[in-house]
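*Asks:* I'd like to ask you about the structure that follows.
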Amino acid sequence: MFPLYLRKKFHSSFILIALIVLTSWSATAVSKVFPNAFPKAWINGVNCATEAKGQVHQYDENLFIIRQSVCTNFEAPFIYLLFGKNKVLMQDSGASDFGQRQIVDNVIKQWLIDNELNTIELIVSHSHGHGDHVAGDSLFIDRPNTQIIGKDLDSVKRFFGFNHWPDGMYQLDLGGRRIDILPLPGHQDAHLALYDYETQILFTGDSLYPGRIYFKQENFEAFSQSMKKLYKYAQTKTVKHILGTHIEMTQQPGVDYPFTAKAHKNERKLELTIQHLEQLVNWLPNAKLPVKKQVFDDFILYPIN
């Protein structure tokens, strides 16, 4: 945890962030902050004439969640900013340019002011290498004090020191904040999961989220082994929330939005629980090849032939 004197400034600093955003980020919506909580609703594309291109939610003093508007790209992915004392980890960079460079720069600038620091290194990592999670990388190439991890498997293994992929784990130290990096191939070969000790949140990318979890039939065994391994790991930790990178489910159990839907009216909440991971893992032994589409209340396993 950060020192008490830094935490005391949390509520007042958010007010200042909101003022900066309202004056400088005309294309960005900011939700009020409720410590360790989520907004009542995310921007959902229902009214593109008035909806901002991006939404910033401050979960606590050191975790920011950015949602790209459905109006800018139907994937509407989430980006996570996790601050330590020396480094800030950005997981994913968006599906297109919606102003995320300016958003991230302003969040970092205000965080540095609040924490009485001059600079912090930005590490751009990815849950995996699909286009809707790496398209914004080019916006950060010329950013000072920034390191972008390549999206390919070799770059991921090299940066995190995975010599026996997909076995092993890497612990990233952001400066007083530890993040466990776990290989999670299946949805995509270089997929990763993150566990943040500070918030006790498990970040699962496109491998578990309220939506359609895609995997190729030939990759089902890798996906299955990854999810079993992740569940075994999660049982050794306190997991307050599981956060993926999309919302594709409605509030009606088992009902998703059409593919490429331009609006997500009555969207399900983002956060899942370890019980959802358990539900998925408990189903895996029943699967027979070729795997059939499997609909759960809060997510859908979606094999691709």
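*Asks:* For region 38-55, which residues satisfy the criterion of being outside any loop (DSSP other than H, G, I, E, B) and either small (Gly, Ala, Ser) or farther than 23 Å from residue 249 by Cβ (or both)?
*Replies:* Passing the criteria: only 54.
*Asks:* Which one is farthest from residue 113 (Cα to Cα), of the residues in region 17-38 that are at pLDDT 60 or above and crowded, with 21+ Cβ neighbours inside 10 Å?
*Replies:* 28
*Asks:* Got a sec? Which of 277, 301, 270 is surrounded by 16 or more Cβ atoms within 10 Å (Cβ to Cβ), in contact with a helix residue (DSSP H, G or I) (Cβ under 6 Å, 6 or more places away or on another chain) and aliphatic (A, V, I, L, M)?
*Replies:* Only one candidate qualifies: 277.
*Asks:* Go through region 258-301 and give me each residue that's touching a residue at least 60 places away in the same chain (Cβ under 8 Å) and closer than 22 Å to residue 200 by Cβ.
*Replies:* Those that are touching a residue at least 60 places away in the same chain (Cβ under 8 Å) and closer than 22 Å to residue 200 by Cβ: 269, 270, 271, 272, 274, 276, 277, 280, 298, 299.
Each row is one residue, and each column tells you yes or no for (1) buried (at least 17 other Cβ atoms within 10 Å of the Cβ); (2) more than 15 Å from residue 81 (Cβ to Cβ).
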position	(1), (2)
101	yes, no
104	yes, no
109	no, no
112	no, no
116	no, yes
122	yes, no
134	yes, yes
142	no, yes
163	no, yes
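The values are calculated or read from the model by the stated rules, or taken from the named source; none is laboratory data. Keep in mind the model is a prediction, meaning the values are calculated, not measured. Please note: Cβ atoms are built from the backbone with ideal geometry, for glycine as well, and neighbour counts cover all protein chains shown.
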